[in-house]
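Enquirer: Following this message is one structure expressed as structure tokens.
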Amino acid sequence: MTEKELIVTLAALETEFAAEAARVSSEPDLRALQARFLGKKGNAAPLMKEMGALAPEARRVVGEAFNRFK
């Protein structure tokens, strides 16, 4: 996956997370949602692994996108 593809995928995940978070009504539900997206086996985990294969400069750019997502 390229740098741009990772950033686009992260943006889509961020939009999906925001939409689902708006419907959450309790803290335990919010924590479960966070785990589903950011947990060890969450939606973002495979993307983090993909980031490791990028060149150092691209990793920095994608890493900033991940930090915004978190």
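Enquirer: Can you pull the accessible area of Thr2 for me, 1.4 Å probe, Å² to the nearest 10?
Expert: 70 Å²
Enquirer: Roll a 1.4 Å probe over the protein chains and send me the accessible area per residue for the chain in Å².
Expert: Numbers: 4850 Å² over 70 residues.
With all protein chains present, the chain gives 69 Å² per residue.
Enquirer: How large is the accessible surface of Met1 in square angstrom, using a 1.4 angstrom probe and rounding to the nearest 10?
Expert: 100 Å²
Enquirer: Using the scaling law 2.2 N^0.38 Å as the reference, what is the normalised Cα Rg of the chain?
Expert: 1.16
Enquirer: In addition: So which residue, out of Arg60, Arg23, Arg36, gets the largest mean-square fluctuation from a GNM of the chain using Cα contacts under 10 Å as springs?
Expert: It is Arg23.
Enquirer: Which whole-Hz ³J(HN,Hα) couplings does the stretch 54-70 yield from phi under the Karplus relation 6.51 cos²θ - 1.76 cosθ + 1.60, θ = phi - 60°, glycine and proline marked x?
Expert: 7, 5, x, 5, 5, 4, 4, 5, 5, x, 5, 5, 4, 5, 5, 5, 5
Enquirer: Per the 1.4 Å probe, what fraction of the accessible area of the chain, in percent, lies on carbon and sulfur atoms? Don't skip to the end; give the middle numbers.
Expert: Values: 2720 of 4850 Å².
Accessible surface attributable to carbon and sulfur in the chain totals 56 percent.
The values are calculated or read from the model by the stated rules, or taken from the named source; none is laboratory data. These numbers were taken from a predicted model, which means no experiment stands behind them. These accessible areas exclude ligands, DNA and RNA; they are computed on the full protein's heavy atoms, side chains included. Shrake-Rupley method; radii C 1.70, N 1.55, O 1.52, S 1.80 Å.
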